[in-house]
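To keep things clear, I will list the structure first and then write my remarks on it.
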Amino acid sequence: GAGVSQSPSNKVTEKGKDVELRCDPISGHTALYWYRQSLGQGLEFLIYFQGNSAPDKSGLPSDRFSAERTGGSVSTLTIQRTQQEDSAVYLCASSRSTANTEAFFGQGTRLTVV
Amino acid sequence: TQLLEQSPQFLSIQEGENLTVYCNSSSVFSSLQWYRQEPGEGPVLLVTVVTGGEVKKLKRLTFQFGDARKDSSLHITAAQPGDTGLYLCAGAPAGNMLTFGGGTRLMVKP
């Protein structure tokens, strides 16, 4: 596709359930980022993938959060045993490389934990 | 302390007023970017400034990169309600990953 695609666009889940959020970056982009954004707030960095390097997981808020990027393309962010405080918009972005860091964002997944 | 500090955090102005948003750091950046995020959307890149002292204009928006490449500003002339949104600066120091400032939330009232 022409842009970054995220799915689902909305997800309502019960507290304690696991959820998987998907991101399809722009083809050929080696860098991929996940951010979390609570209502009215800025971007909270979660995790960064760059090529085949080990991901930077320093932003993950707890061990309930994990992410993988298969084949250097699609990424999934998994939240286990969801809590109400996990409710937020989860944004994915990709950029061409570390030399060209201009980021292109998806529309986000709005997660609501009830 | 964030690598990129934005100020102000919030700004509410009347249509037609001018405003400036600042993005400051103690680190040197090879480039800085500005994004705007509208409700329900992901951030969209507005501009990238690369050269120290550079000034770029995008209609009523003027972006400046500091001479030392540690700071940047965004000036909006005659703000319109359509300028409402979250403005974010971002940079990647020394080839590291892209880092965002905390954002400036702008509301322009008609």
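The values are calculated or read from the model by the stated rules, or taken from the named source; none is laboratory data. Since this is a predicted model, take the numbers as computed values, not measurements. Cβ atoms come from the backbone with ideal geometry, glycine included; neighbour counts cover every protein chain shown. What goes into the accessible areas is simple: the full protein's heavy atoms, side chains included, and nothing from ligands, DNA or RNA. Shrake-Rupley method; radii C 1.70, N 1.55, O 1.52, S 1.80 Å.
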* Asked: Hey, rough spin-label estimate for A:Glu68 and A:Glu44, points 7 angstrom out along Cα→Cβ, what's it come to in nanometres?
  -> 2.5 nm
* Using only Cα atoms, figure out Rg for the range A:5-113 and give it as a multiple of 2.2 N^0.38 Å. => 1.00
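Taking only Cα atoms of the range B:5-105, what ratio of Rg to Rh do you get with Rh as the Kirkwood inverse-distance radius? Walk me through the intermediate numbers first.
Working: Rg = 12.9 Å, Rh = 13.6 Å.
Taking Rg over the Kirkwood Rh, I get 0.95.
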* Accessible surface buried once B binds A (1.4 Å probe; total of both sides; Å²) -> 1500 Å²
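Output the relative contact order of chain B, whole-number percent, from Cα pairs under 8 angstrom with separation of 6+ residues.
This gives 37 percent for chain B.
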* Return the sequence-ordered ³J(HN,Hα) values of the range A:16-30 in whole Hz as given by the Karplus equation 6.51 cos²θ - 1.76 cosθ + 1.60 applied to θ = phi - 60°, using x for Gly and Pro. => x, 7, 8, 10, 10, 10, 10, 9, 9, x, 5, 4, x, 6, 8
* Asked: In whole Å, how far is the Cα centre of the range A:1-49 from that of the range A:57-71?
  -> 11 Å
* Ignoring everything but the protein chains, give the 1.4 Å probe accessible area of B:Cys23 in square angstrom, nearest 10. => 0 Å²
* Extending each Cα 7 Å along its Cβ direction at B:Ser12 and B:Lys56, get the distance between those two points in nm, one decimal. => 3.2 nm
* Taking all protein chains as present, what is the carbon and sulfur share of the accessible area of chain B, in % to the nearest whole number, probe 1.4 Å? -> 51 percent
* Asked: Using θ = phi - 60° and the Karplus curve 6.51 cos²θ - 1.76 cosθ + 1.60, what whole-Hz ³J(HN,Hα) does each residue of the range A:72-82 get, with Gly and Pro shown as x?
  -> x, 10, 4, 10, 10, 9, 10, 10, 9, 6, 4
* Cut-off under 5 Å, modelled amide H: who pairs with A:Gly108 long-range -> A:Gln6, A:Cys92
* Structure fact -> Here the residues of the range A:84-114 whose accessible area is at least 30 Å² smaller with all protein chains than in the chain alone (probe 1.4 Å) are A:Thr98, A:Thr101, A:Glu102, A:Ala103, A:Phe105, A:Gln107
* Asked: In square nanometres, what is one fourth of the surface area of the convex hull spanned by the alpha carbons of the protein assembly as shown?
  -> 12.3 nm²
* To do: Using a 1.4 Å probe on the heavy atoms of the protein chains only, list every residue of the range B:74-107 that has 40 Å² or more less accessible area in the complete assembly than in its chain alone.
  => B:Met97, B:Leu98, B:Phe100, B:Arg105
* Whole number in Å², please: accessible area per residue of chain A, 1.4 Å probe, ligands, DNA and RNA not counted. => 49 Å²
* Karplus (6.51, -1.76, 1.60) ³J(HN,Hα), θ = phi - 60°, over the range A:93-107, in Hz, Gly and Pro reported as x -> 9, 10, 9, 5, 6, 6, 7, 10, 9, 4, 9, 10, 9, x, 7
